Amino acid sequence: MGSHNTTLLRHVLTRKGTTIPAGDLALILERIELIGKRIARELARSSIRGGLGYTGETNVQGEEVKKLDEWTNWVFLDTFESGDPVCSLISEEMEQAEHRGGQCQENSYAVLYDPLDGSSNTDINGSLGTIFSIRKRAPGHREDVNDLMRPGSEQVAAGYILYGPGTQLAYAAGAGVDIFTLDPAIGQFILWKENVRMPSRGKTYSVNQGNITKFHPGVRKLIDHLTSRKDKSTSYSLRYTGAFVADFHRCLLEGGLFMYPGEVTPDGKSKGKLRLMYELNPMSYLVEQAGGKASNGKKRLLDVVPAGLHDRQPIYIGSAEEVELAERMQVEG
């Protein structure tokens, strides 16, 4: 349990064993903390400010863009306008990386992010999130992203912000997962839990079960097993919010399994839905830091080399026992 007066910035500057220098991490997380505060404030009043609904445009993924998708992406760009040591921003909402002129120095970083995870929940006051990954740029890099097209194991930090009854920020930088809660009375994220450890198994699973007919037979077999209720090991309850951050947060604290299987296309191939570099990799980094596992159904997700900035993969993430069970059942063929 964390101290009631330890702020995020103070914690970052005194955390031992991180894979990124404390000063650099503090500069980056200070801005992400500000982004979380700005988004939380806007979400609380968006329904009375005309911020809900769609813009009428589609993003690079071919998906309809909600007003809050567009606005939260702008918040990242605006907050990192003078974001040294960050020189590159990569988002679900942008086709190409955004580079900060004059800031791509020898010691620089890229922030990859999903500004508003679960945006289908915006118009119903449901749980939402922000996901982020921090990567070191290679020495002598140019304004391309070739040096970033590497496995997720090369991230130096990652985290998420959950916008629920309270706003919470979780991050890891090689020294375990720490969670902070925004205290609106003082406008600061305060340490809640330090070095979170995920239970080796849980009692819930999360999946969009409405798509079950599109899943590989191995996934259907897994779901049948989890819900057969033959004994305690096969008595799981379904919990699904439609926001990856919210469902993962439950797994992180209580154990269990989140999965977004690939959908089998008419040619028999399985196609993932969630994006590897700024959704799956950050959460995979966090889960391993907490003692859990993340797989694409066949291999460790942090070992996957992305095919492009917006590469998609299936995911099975959570407690080690459940992820290992999914792989044994050959959920992706």
One finds, for residue 16 and residue 269 with R0 = 41 angstrom and r their Cβ-Cβ distance, a FRET efficiency to the nearest 0.05 of 0.35
Specify the inter-centroid distance of segment 288-333 and segment 166-186, based on alpha-carbon positions, in whole Å. 25 Å
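Using 0.36 nm per residue, how much length does the chain from residue 95 to residue 9 gain when fully extended, once their Cα-Cα distance is taken away? Working shown, then result.
Details: separation 86, 0.36 × 86 = 30.96 nm, distance 3.20 nm.
Using 0.36 nm per residue and subtracting the Cα-Cα distance, I get 27.8 nm.
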Value of relative contact order over segment 204-328, rounded to a whole percent, pairs C-alpha under 8 Å and six or more apart: 26 percent
Starting from the 7 Å offset along Cα-to-Cβ, what nm value, one decimal, do you get for the label separation of residue 200 and residue 150? 3.4 nm
Which angle from 0 to 90°, rounded to the nearest 10, does the C-alpha axis of helix 217-226 make with the longest principal axis of the chain? 90 degrees
Distance in nm between pseudo-label sites at residue 311 and residue 233 (7 Å out along the Cβ direction from Cα): 3.5 nm
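Is the shape of segment 204-328 rounded, prolate or oblate, going by the alpha carbon gyration tensor and its root eigenvalues a ≥ b ≥ c, with a/c under 1.5 for rounded and a/b larger than b/c for prolate?
Numbers: a/c = 1.69, a/b = 1.16, b/c = 1.46.
It comes out oblate by the Cα gyration axes.
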What angle do you read, to the nearest 10 degrees and between 0 and 90, between the alpha-carbon axis of helix 67-79 and the longest principal axis of the chain? 40 degrees
Which of the trypsin sites (Lys or Arg not before Pro) across segment 235-333 are loop residues per DSSP, with 12 or fewer other Cβ within 10 Å? 269, 299
Taking the chain and counting helices only, DSSP H stretches of n ≥ 4 at -39,500 (n - 2.57) each over all residues, the nearest-500 ellipticity at 222 nm comes to -7500 deg cm²/dmol
Over segment 8-193, relative contact order from alpha-carbon pairs under 8 Å, at least 6 apart, %: 18 percent
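What shape does the chain have by the C-alpha gyration tensor, where a ≥ b ≥ c are the square roots of the eigenvalues, rounded means a/c under 1.5, and otherwise prolate means a/b greater than b/c and oblate the rest? Before the final figure, lay out the partial values.
On the way: a/c = 1.40, a/b = 1.33, b/c = 1.06.
In terms of gyration-tensor shape, rounded.
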Semi-axis lengths (Å, descending) of the ellipsoid that matches the C-alpha gyration tensor of segment 8-193: 26, 22, 13
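Read the figures in this text as sums done on the coordinates, not as results from a lab. Just so it is clear, the structure is predicted and the values come from calculations on it, not from any experiment. Glycine gets a Cβ as well: all are built from the backbone with ideal geometry, and neighbour counts include every protein chain shown.
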